[in-house]
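Read the structure below first, then the notes.
The values are calculated or read from the model by the stated rules, or taken from the named source; none is laboratory data. A quick note: this is a predicted structure, and the numbers were derived from the prediction, not measured. Cβ placement follows ideal geometry from the backbone for every residue including glycine, while neighbour counts extend to all protein chains displayed.
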Amino acid sequence: MKTKQTQRLWGAGFVQKPSDAVIGFTAGRDVVGSPAADAALMPYDMWVNQAHCVMLVKQGILPVSDAAKILEGLKHLDQLVKEGSFVLDPSKEDVHTNIESWLTEKLGIDVAGKLHTARSRNDQVTTDMRLFIKHQILAFVEQMLSLSTTLSMIAQAHKDTVLPGFTHHQHAMVTTMGHVLAGFAAMMVRDSERLLQWLNLHNTSLLGSVASYGTSFPIDAQMTASLLGFEKPSVNSMDAITNRWEPEVDYVFALSICMNHLSSLAQTLILWATPEFGMVTFADQFTTGSSLMPQKKNPDPLEVVKGKASVLHGQVVSLLGLGKANFIGYNRDTQWTKYILMDACSEVMFAPSVLAGMIQTMAVHKDQMHQWSMRGMVGATSLLEQYTQATYLPFRVSKMVIEKAVAYSVQPDMVNYGALMKAQKEEGIDASITRKQVRDWQDPKEILHATHSGGGPGGAEVEQSLRVLQKDAKSMHTRVNKYKQVLKKAKTTLEREIQTIIQKGAV
Ligand code: ARG
């Protein structure tokens, strides 16, 4: 018998296999662990070390000859980190002590031992974390804006694709695919704004706060702030260190709202893709099969998004807990904010891009959507509105008439003319309404044509809302780029200062 090695337990019939990224996204932490938190801080701690060292020289606190050696040492270490040959030693506690002890081994304590002048690991780690979060935000906002662009493009293409709108999971009123997707795009744009607002509150450097109560060395906290691309130094050293949970929870809360929106999009797509709705079909590469049932193509990435949203909610609560009743100054409990924050970042990391991929590749079944729009009395509200306008009856009276007409209609999907006439008569109303009017007022196309309330489902309104969203997204892209430029400029300036010091030290 021919034996065949099985790579995966499902997918033999898939036209396109899911990518490793999609498999990894759905597998979660089943088979991979998280890297050490401080490994992720390495590039930021190096940057903070460099900025601090440069400031110490410029303020006359550290001799240029020592600083040159330290800065060269840090360059060497940076090289080792990039090559992957520097591994954090757990016996040395954290990234700060690992770096300092490496420098001490290389340069001796007489030189390396001067770097920690006028600082503490407390202001170091909080500054590292602000840099970490800022970089995460700028990258995540770009993903969210890109998802909003994808949604907007498909919304534009389907601005006239009719489908039923739901309330309580029941057919409610007619809408369009364009309207629904533009609605989700609006959420992504608002989420991006919320994420960027973090920078209004927390774009500050903590260097200079030291252990929590400042230093008598003549440091220049403004200088380190600008060498790190921050807007300013913190205004109070105790506040800055005590509240090491606050920028964290602000970010994870903003992420939780993103994830709620993403999971609402996910749930909508999950239902649309069931055979019962039959409105969309996902591409093979964004589905997973079953280890048993051969016919299965499950929308696992969407369910994973919902699961991740729940994890984020818990993380918000944990971070709030870590910030509760903190006595003034540094508290070691707050080290745990680092793990929660980083876990949150890795949970959300690919969620917007996986959703964008799914939406871009899914097949949209317009005919099926249209058929569902003709079912479940989805035109009844429009009939009520038009009937009220045509008869000048008080709304409450016409509502009674149409409710009765709904009850008397023999077919379950549309109010019929005879039923309306019967209902009218019972209410003592003699309005002359034609059979055609009753039909047209419930026709999805006519309904959309007649809807002009602003932000509604009609093609022109969808286009108008997409224009507004595009403008907002563009201005956010500009802001993201500005923040990135500030960071880049800070790095360039710092590099120049480092070179100057290294040259001076060599003389
Ligand atoms: N690794 C520590 C943290 O993340 C650094 C600060 C330690 N400070 C102290 N005073 N023990 O919080």
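Points worth noting:
- Residue in the range 453-507 that is surrounded by the fewest Cβ atoms within 10 Å (Cβ to Cβ), counting only those that are acidic (Asp, Glu) and within 30 Å of TRP198 (Cβ to Cβ): GLU495
- Residue in the range 180-193 that is farther than 30 Å from ASP440 by Cα, more than 16 Å from the ligand (Cβ to nearest atom), part of a helix (DSSP H, G or I) and of a type in the set (Ser, Thr, Tyr) present: yes
- Check on ILE219, β-branched (Val, Ile, Thr) and in a loop (DSSP other than H, G, I, E, B): yes
- Check on ASP20, at pLDDT below 95, over 23 Å from ASN122 (Cβ atoms) and acidic (Asp, Glu): yes
- Hey, GLN295 assigned to a loop (DSSP other than H, G, I, E, B), among the polar types (S, T, N, Q) and within 30 Å of HIS171 (Cβ to Cβ) or not: yes
- Test: residue in the range 123-130 that is part of a helix (DSSP H, G or I), farther than 23 Å from VAL81 by Cα, away from the ligand (no atom under 12 Å from the Cβ) and modelled with pLDDT of 95 or more: no
- Residues satisfying the stated conditions in the range 222-236, i.e. within 31 Å of the chain's Cα centre (by Cα), surrounded by fewer than 23 Cβ atoms within 10 Å (Cβ to Cβ) and part of a helix (DSSP H, G or I): SER226
- Members of the range 292-328 found to be within 16 Å of the ligand (Cβ to nearest atom) and loosely packed, with under 15 Cβ neighbours inside 10 Å, listed by number: PHE327, ILE328
- Criterion violated by ALA21 - all others in (1) assigned to a loop (DSSP other than H, G, I, E, B); (2) farther than 21 Å from ARG130 by Cα satisfied: (1)
Residue-wise test of (1) surrounded by fewer than 16 Cβ atoms within 10 Å (Cβ to Cβ); (2) without any contact (Cβ under 8 Å) to a residue 40 or more places away in the chain.
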{"site": "ILE340", "(1), (2)": "no, no"}
{"site": "VAL348", "(1), (2)": "no, no"}
{"site": "THR381", "(1), (2)": "no, no"}
{"site": "THR388", "(1), (2)": "no, yes"}
{"site": "LYS404", "(1), (2)": "no, yes"}
{"site": "SER409", "(1), (2)": "no, yes"}
{"site": "LEU420", "(1), (2)": "no, yes"}
{"site": "THR434", "(1), (2)": "yes, yes"}
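- In the set LEU115, LEU74, LEU88, only one residue is within 16 Å of the ligand (Cβ to nearest atom), of a type in the set (A, V, I, L, M) and in contact with a Cys (Cβ under 9 Å, 6 or more places away or on another chain); that residue is LEU115.
- Selected residue [modelled with pLDDT under 95, away from the ligand (no atom under 16 Å from the Cβ) and outside any loop (DSSP other than H, G, I, E, B)] from LYS82, LYS134, LYS69: LYS82
- Applying a threshold of 7 Å to beta carbon distances and a minimum spacing of six or more residues, or different chains, the list of pairs starting in the range 92-116 at a residue that is more than 20 Å from ALA40 (Cα to Cα) and ending at one that is of a type in the set (A, V, I, L, M) and away from the ligand (no atom under 16 Å from the Cβ) reads THR104/ALA112; LEU107/ILE70; VAL111/ILE70; ALA112/ILE70; ALA112/LEU103; LYS114/LEU62; LEU115/ILE70; LEU115/LEU103.
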